[in-house]
Every structure is written in structure tokens, then in C-alpha cells.
1. In segment 75-85, how many residues are part of a loop (DSSP other than H, G, I, E, B) and crowded, with 16+ Cβ neighbours inside 10 Å?
2. Could you go through segment 71-89 and let me know if any residue there is among the charged types (D, E, K, R), at pLDDT below 90 and out of contact with any strand residue (DSSP E or B) (no Cβ under 8 Å at 6 or more places or on another chain).
3. When both residues are 6+ apart or on different chains and their Cβ atoms are under 9 Å apart, which pairs have a first residue that lies in segment 55-81 and is closer than 11 Å to residue 184 by Cβ, and a second that is exposed (fewer than 11 other Cβ atoms within 10 Å of the Cβ) and not β-branched (Val, Ile, Thr)?
4. For residues that are surrounded by fewer than 14 Cβ atoms within 10 Å (Cβ to Cβ), more than 19 Å from the chain's Cα centre (by Cα) and not charged (D, E, K, R), tally how many sit in segment 165-190.
5. Would you confirm whether any residue within segment 167-190 is in a strand (DSSP E or B) and out of contact with any helix residue (DSSP H, G or I) (no Cβ under 6 Å at 6 or more places or on another chain)?
6. Here are 142, 128: which of them is buried (at least 17 other Cβ atoms within 10 Å of the Cβ) and either among the β-branched types (Val, Ile, Thr) or on the phi > 0 side of the Ramachandran plot (or both)?
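The values are calculated or read from the model by the stated rules, or taken from the named source; none is laboratory data. Because the structure is a prediction, the values reported are computed rather than measured. Note that each Cβ is placed from the backbone with ideal geometry, even for glycine, and that neighbours are counted across all protein chains shown.
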Amino acid sequence: MGLGPSGQGWSTVLHHPPIPYFSEDIGGRMKDVTLDDKALKVLRNSGVLGFSLEGEFPYAPKKCRIKKKKEYIIPKKFWPVFTLQPLNGVQLAHIEDLTRGNIAFEDEKAFIKTDSGKARLKILQMGIVTWKNYRDDKGALIDPPTKDSLHGGITEDSLEKIPTSLQVELSNAITENDKLTKEELLGLEL
């Protein structure tokens, strides 16, 4: 293992594919360096690393994942599975602008108006990739969401098929990168 600026933790030889992190100035030229697992963990936990947007992940509603005596109440073959993706910093910044709110006055009373509903819809439009095994109230399968070719993501018409309580849950799962456990994923049709 080579010694980096801190004297340890930097490596140019790893047992797995190297993870490029930054370039180091060596005699007027730049050299790519990689991090060993320990250094990578420290930097990741400190919040100074970027993040990958390649992280699509399956999600099933919490009501499907309720257990009684170690068995799921709803068998996995009936779980709707939503493929979600985290939002990037630019997308989140636009959503933050919607939720900050503006001070408004009406009848000599001040209040803060926010567009939290618009923010939720925008998170869902950009964060839902597709769904599988999602059914309406009569049990019929709902077609996968329609893509919005003009704005990206999925259309609002697709979101109309999701009840508000599930919209809120999915929105939170997207912004919190809430992934299923290995046990929940086991045997789930993705």
C-alpha cells in the first residue's frame, strides 16, 4: 500500500477494481490515486464523497411488508414493486425551492405558503422509474408509467394512479434512498 497525504489509507493497488477519487500533484504532474476500503468508508461517512446516480432500487410499500408470526401477511407474489432512483443535487435544489415557502398576507394576517404538493409530485415524477405488479382497486394490473419525453421522468397522468398516502411513502423512499432488506428482496419478482 502506498502512503498518501495523510500517511496511510491511500492505495494504488487493491484486490478489487480501484475506485478513482482524486488526482495528486506529483512533481508538476497529476496522478490518479485510489482509496482502500478503510479510507473510502471514512470519507463516505464524513459526507465529502460524491454519490452515484446509477442506484435504481426496488421498493415495496410498507403495508405489504408487515409480518405476523415470521410470515408476511401479504404474500410476496402480490407485492407491487416500484423501481425508484435517487434524485441528483440539481433536482433536489428545484424541489427545495418549492418547499421553502413565501410569506403572504391575506386579511391582515401573514402566513407562509409552500408548494409541498408540487414538490411531492416532482419527486415522484423524477424518482419513479417504473412499477411492476401494481393493481387498481378492482385487482386489475395497472400499466407501467408513461414517460414524459418533454420534461423527463414520468407523466402526472401516471401519478394519478397512486393514492396520496402511497405517494407520500414513495416520495420519502426516493429522498431517503430507503431500500428493501435482503430478506424482503429474497424471492421478490423484480
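1. 3
2. No: zero hits.
3. 58/190; 76/186; 76/187; 76/189; 79/189; 81/189; 81/190
4. 2
5. No, there is no match, as no residue in segment 167-190 is in a strand (DSSP E or B) and out of contact with any helix residue (DSSP H, G or I) (no Cβ under 6 Å at 6 or more places or on another chain).
6. Residue meeting the stated conditions: 128.
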